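The values are calculated or read from the model by the stated rules, or taken from the named source; none is laboratory data. On a predicted model such as this, the values are computed, not experimentally measured, just so you know. Here the Cβ is made from the backbone with ideal geometry for all residues, glycine too, and neighbour counts use every protein chain on show. The protein model used for the area step is the full one, side chains on, heavy atoms only, and it has no ligands, DNA or RNA in it. Shrake-Rupley method; radii C 1.70, N 1.55, O 1.52, S 1.80 Å.
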Amino acid sequence: MQYSIGELAHRTGLTVKAVRFYSDRGLVPPSGRNTAGQRRYDDAALARLDVIRVLRDLGIDLATIRRVIDGETTVAEVAAEHVAAVEVQIGVLRRRSAVLKAVADRGSPPGAARLVHQQALLSEVERQCLVGDFLADALGDRSELAGIARTLTPDLPGDPSPEQAEAWIELAALMRDTEFRANLRRLADGHQAGLRRDLAAEVRDAVTPALAAGIVPKSPAAKAIVDGLGRDPGELREWLDVVNDPRRERYLELLGVINGWAAPESLASAFDWLAEAMAA
């Protein structure tokens with residue numbers, strides 16, 4: 001059976017303009033022409049248009065549709081390829097929805113809201129680039145710090161809670177803070193120079209009992225605790241200046257919220273006590 005362009009449009013639910021477009025692109029070639037020179041199409045063209053309409057409704061691009069029409073792939077294979085892509089897009093939209101809701105709930109002033117929106121609308125790739133750039137700048141390219149880098153990496157879930165979305169907004173701002181990056185780099189340099197990673201735990205174990213016992217920093221007992229750490233005073237003071245940055249502890253708190261980890265132990269009181277004891 002032969003069809004005109006208008007008849008094809010009527011049978012497929014497409015517009016005449018759309019049928020002519022697909023015909024001009026070679027996706028639905030005419031089977032011949034009538035005596036007036038008008039294009040005519042057969043049942044194969046009708047079947048092709050049905051396939052094209054379904055695939056276009058699913059958002060499939062013309063290049064992929066041409067591969068299906070030419071028999072280079074099947075509809076099932078194309079659908080399987082696009083399932084993963086659609087799921088990724090759904091995850092992106094869920095993240096954006098949650099983060100934008102957090103932005104709206106903040107009621108930020110116009111200038112701050114613009115920056116927050118920029119951080120909130122980061123794509124998956126942009127988010128990974130931000131995290132990667134932050135860790136590279138803060139830790140450097142050191143294989144021995146790879147484990148630390150993993151513990152500092154946020155993993156925003158596909159369907160974040162309002163708390164996780166809010167935490168991501170603040171964390172993104174921290175990762176862009178050049179002074180904070182520089183402080184972490186100093187901490188990493190101290191790690192490499194011999195100030196071991198477990199120094200914070202040593203300070204906690206030495207100072208926490210002193211705090212509980214009410215030992216004041218400006219006392220002989222406090223001096224004995226500081227001396228007991230067995231560290232060069234200059235190096236210890238420099239390490240303390242960096243590790244006692246409140247942004248570092250806040251970063252860890254936000255990281256725990258985003259990754260679903262237990263809240264980290266706060267050592268701010270122990271660090272403050274030690275700083276005062278060393279100043280004495």
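Couple of notes before you dig in:
- C-alpha center-to-center spacing [segment 24-102, segment 132-184] in angstrom: 40
- Ranked from largest to smallest solvent-accessible area, with a 1.4 Å probe on the protein heavy atoms, Arg39, Arg150 come out as Arg150, Arg39.
- Residue-level accessible surface for Arg185, protein heavy atoms, 1.4 Å, Å²: 80
- Fraction in percent of alpha-carbon pairs per bin - 5 Å, the chain: 1, 5, 9, 10, 10, 8, 8, 7, 7, 6, 5, 4, 4, 4, 3, 3, 2, 2, 1, 1, 0, 0, 0
- Once the Cα atoms are used to define both axes, helix 162-175 deviates from the longest principal axis of the chain by about 70 degrees.
- Each 5 Å bin, from zero up to the one with the longest distance, holds this percent of the alpha carbon pairs of segment 221-280: 4, 17, 24, 19, 13, 11, 8, 4, 0.
- Shown are Thr12, Thr178, Thr208, Thr35, whose ranking by accessible area with a 1.4 Å probe and every protein chain present, most to least, is Thr35, Thr178, Thr208, Thr12.
- For segment 122-279: relative contact order, % (alpha-carbon pairs under 8 angstrom, 6 or more apart): 32
- When the surface is traced with a 1.4 Å probe over the full set of protein chains, Glu72 keeps roughly 130 Å² accessible.
- Given charges at Cβ of Lys, Arg, Asp, Glu: the chain dipole, positive-most of Val16, Pro246, Leu211: Val16
- The listed residues Glu126, Glu249, once ranked by accessible area (1.4 Å probe) with the largest placed first, stand as Glu126, Glu249.
- Accessible area in square angstrom per residue, the chain, 1.4 angstrom probe: 56
- Carbon plus sulfur fraction of accessible area for segment 5-73, probe 1.4 Å, in percent: 48
- Structure-based [θ]222 nm, the chain - -39500 (n - 2.57) summed over DSSP H runs of at least 4, per residue, nearest 500: -22000 deg cm²/dmol
- Helix axis angle, 199-213 relative to the chain longest principal axis, alpha carbon, degrees: 50
- Crossing angle, helix 246-259 versus the chain [Cα axis fit, 0-90 degrees, rounded to tens]: 40
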